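Read the structure below first, then the notes.
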Amino acid sequence: VPEGDSIFRAARTLNQALAGKKVVRFESVLPALTRIDDDHPLRGRTVEHVGSVGKHLLIQFSGELVLRTHMRMNGSWHIYRPGERWRRPRRDMRVVIATDDFEAVGFRIPVAEFLRSESFDFGRTQVGHALGPDLLDPGFDAPEARRRLRARPAAQIAEALLDQRVMAGIGNVYKSETLFLTAVNPFVVVESLNESQIDRIVDTARDLLQRDVTAGVVPMTTYGGLRRTTARDNPAQRLWVYGRARQPCRRCGAPIRARKQGPYARLTYWCPTCQPS
Ligand SMILES: [Zn+2]
């Protein structure tokens, strides 16, 4: 199931590719969408913004039209260059939004509908309002992120990093990678960290996310795309601890550990030597 943070990431990626661009082609196999497209064509409209509210992905077009999609279990959005071969079969296609530069393809999306924009108030919905500073925002408010982190003194740091109300954008991969790079044990509570540790955690998370985005690999597959934190070219060596249970730590050789953590039992990876409790 795509989680809130991966919907958030998908929205960021789609926004980066599509926002401000004119739709040159719209295609769908869903009658609820094609009916609206017949009466109020999408072609020629501008994609104004792609965002997420909870697990809903919202694509806002000029002319007060919003496409709401929900991925459920199997849905996904991919981004391709025009003419590039899709990585899923055509029969799984539900929606295509093409601009001159990119083609966004929604595969096996079970829930999709057009809404008038007034039914959604971007950024001012309850969910939008509760989100913490956005790590990918050029104007990222680091002091506010640190304040929100310290406002959860009893939370384990790995859990606090996944909380999108603290900072928006960190998923399970970057949670473990950030804590390895800052030598912080994932199970310690926020109040046991000093100011410089909090600073480094926020700065490192931001660096990792920005590097991932600016790597700009095309196609920008919004799910399952390669994420890289070690700056090594070999994909097998691209992460420090995530997904590496029982393999030797790249710094000290100790076996990496993995354990389920938090109410959603998300796997956390860490090096017991480099990140002592
Ligand atoms: Zn180590």
- On the given criteria, is Ala32 more than 21 Å from the chain's Cα centre (by Cα) and of a type in the set (A, V, I, L, M, F, W, C)? yes
- For segment 263-276, which residues satisfy the criterion of being surrounded by 14 or more Cβ atoms within 10 Å (Cβ to Cβ) and closer than 18 Å to Ala155 by Cα? Arg266, Leu267, Thr268, Tyr269, Trp270, Gln275
- Residues located in segment 147-162, provided they are surrounded by 17 or more Cβ atoms within 10 Å (Cβ to Cβ) and more than 14 Å from Val184 (Cβ to Cβ): Arg148, Arg152, Leu162
- Output the residues belonging to segment 235-256 that are crowded, with 17+ Cβ neighbours inside 10 Å, of a type in the set (D, E, K, R) and more than 16 Å from Tyr174 (Cα to Cα). Arg250
- Item | Failed criterion for Thr229 (all others in (1) at pLDDT 55 or above; (2) away from the ligand (no atom under 16 Å from the Cβ); (3) surrounded by 14 or more Cβ atoms within 10 Å (Cβ to Cβ) hold) | (2)
- Query: Taking into account only those residues within segment 200-217 that are at pLDDT 60 or above and aliphatic (A, V, I, L, M), which is farthest from Ala17 (Cα to Cα)?
  - Reply: Ile201
- Identify, by number, the condition in (1) under 20 Å from the mean Cα position of the chain (by Cα); (2) closer than 30 Å to Cys271 by Cβ; (3) at pLDDT 85 or above that Leu136 doesn't meet. (3)
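Being under 30 Å from Gln164 (Cα atoms) and touching a strand residue (DSSP E or B) at 6+ places or on another chain (Cβ under 6 Å) is the requirement here; does Val24 meet it?
Details: under 30 Å from Gln164 (Cα atoms): no; touching a strand residue (DSSP E or B) at 6+ places or on another chain (Cβ under 6 Å): yes.
No; evaluated as a whole, the condition is false for this residue.
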- Within segment 144-167, how many residues are free of Cβ contacts under 8 Å to residues at least 40 places away in the same chain and within 18 Å of Gln210 (Cα to Cα)? 2
- Note on the structure: From the option list Arg72, Arg35, Arg9, single residue qualifying as at positive phi and of a type in the set (Lys, Arg) is Arg72
- Among the residues of segment 12-19, is any under 23 Å from Asp137 (Cβ atoms), of a type in the set (D, E, K, R) and in contact (Cβ under 8 Å) with a residue 40 or more places away in the chain? yes
- Residues of segment 27-70 satisfying the condition of being out of contact with any strand residue (DSSP E or B) (no Cβ under 7 Å at 6 or more places or on another chain), part of a loop (DSSP other than H, G, I, E, B) and over 14 Å from Leu115 (Cβ atoms): Pro41, Gly54
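Please enumerate the residues belonging to segment 258-275 that are modelled with pLDDT of 90 or more and more than 10 Å from the ligand (Cβ to nearest atom). Break it down stepwise before answering.
The initial filter retains those residues of segment 258-275 that are modelled with pLDDT of 90 or more, namely 258-261, 267-275.
The answer is Ala258, Arg259, Lys260, Gln261, Leu267, Thr268, Tyr269.
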- Query: Restricting the first residue to segment 122-142 and requiring it to be under 22 Å from Ala160 (Cβ atoms) and outside any helix (DSSP H, G or I), which pairs with a second residue that is modelled with pLDDT of 50 or more and acidic (Asp, Glu) meet a Cβ separation below 7 Å and a spacing of at least six or different chains?
  - Reply: Pro133/Asp141; Pro133/Glu144; Phe140/Asp134
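The values are calculated or read from the model by the stated rules, or taken from the named source; none is laboratory data. Since we're looking at a predicted model, the values are computed, not measured. Ideal geometry is used to build each Cβ from the backbone, glycine not excepted, and the neighbour counts take in all protein chains shown.
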